[in-house]
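First the structure, in the form of structure tokens, and then the observations on it.
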Amino acid sequence: MKAVLLAGGLGTRMREETEFRPKPMVEVGGRPILWHIMKILGQQSIEDFVICTGYKSEQIKNYFTNYGSLNQDFTVTLGTPRTIKYHGDHDESNWSVTVADTGALTMTGGRIQRVKKYVDGDRFLCTYGDGIADIDLNALLAYHKSHGKIATMTTVQPLSRFGVLDLDDDGSVRQFKEKPQVEGWINIGYFIFEPEIFDYLGGDDSVLEESPLHRLAVDGQIAAYPHRGFWQPMDTYRETLMLNELWDSGQAPWRTW
């Protein structure tokens, strides 16, 4: 099964970092967050990736074009013809990475539509290039197969941004709850899509999270997989610092390698 990674957005809420690079290339522990997501999937037998780029796409192209020299010792012969010999190997040698420029202003649904030719009419995983989760792909895929629908989205119950008070009728404080889980569920990506998903997508202005998902719901063709483990998006500079602190402390829940 291939993985389609949405990595083309502007990342406007992280201008401290994204003024200079696309958000999926912002580093956690010295590696782009995009690499961490791919590594999580690669550890669970997904080795074929399609990356939908847009904003500053050349940086993602350069990263994977030069992956060998960035991760291995090498000897280069300066002359004509120029040759380069890599020494040793890296754990990602079996990865196949297709980098597709899907347009700087294309919306999420439009990006997926643009890479239709690269998923070969097969079932595929699709997720965002800025959210880390210790997802169990075997469980996710088994759940998807069990319901027989076109789409599965992974969901979590997020923590409240604020602490909550339990009050008695007279206004007395019964207890404090520090940032409890909210009752609702939210979409975190890690979709499994059947090829029929392309019937629900439109052109470049198609926003996956709007009409396509709503129409799937109306048609009874989407189910939600509840993820109860770790998930953390990287939407703000503060969240970038938090993810790096987890990595540097050796307590990154997503690290299984």
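When you go through K39, K117 one by one, which is the residue that is within 17 Å of the chain's Cα centre (by Cα) and of a type in the set (K, R)?
One residue alone meets the criteria, K39.
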Quick check, is F191 modelled with pLDDT of 95 or more and touching a Ser or Thr at 6+ places or on another chain (Cβ under 8 Å)? yes
Kindly state which strands (runs of 3 or more DSSP E) lie completely within region 33-107 and contain at least 3 residues that are touching a strand residue (DSSP E or B) at 6+ places or on another chain (Cβ under 7 Å), at pLDDT 95 or above and closer than 22 Å to V119 by Cβ. 48-53, 96-101
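Output the residues belonging to region 1-19 that are in a loop (DSSP other than H, G, I, E, B) and either more than 21 Å from L241 (Cβ to Cβ) or in contact (Cβ under 8 Å) with a residue 12 or more places away in the chain (or both). Lay out the reasoning, then the answer.
Residues of region 1-19 in a loop (DSSP other than H, G, I, E, B): 1, 8-11, 19.
M1, G8, G9, L10, G11 - these are the residues of region 1-19 that are in a loop (DSSP other than H, G, I, E, B) and either more than 21 Å from L241 (Cβ to Cβ) or in contact (Cβ under 8 Å) with a residue 12 or more places away in the chain (or both).
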Only one of A223, A217 that is part of a strand (DSSP E or B) and either surrounded by 11 or more Cβ atoms within 10 Å (Cβ to Cβ) or of a type in the set (D, E, K, R) (or both): A223
Among the residues of region 13-35 satisfying the criterion of being touching a Lys or Arg at 6+ places or on another chain (Cβ under 7 Å) and within 14 Å of N62 (Cβ to Cβ), which is surrounded by the fewest Cβ atoms within 10 Å (Cβ to Cβ)? R21
Contact list please: Cβ distance under 8 Å, first residue in region 113-136 and small (G, A, S), second residue surrounded by fewer than 15 Cβ atoms within 10 Å (Cβ to Cβ), pairs at least six apart or on different chains. G121/P195; A133/G229; A133/F230
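The values are calculated or read from the model by the stated rules, or taken from the named source; none is laboratory data. All figures in this text were calculated on a predicted structure; none of them were measured in a lab. Because the Cβ atoms are built from the backbone with ideal geometry, glycine has one as well, and the counts that use them run over all protein chains shown.
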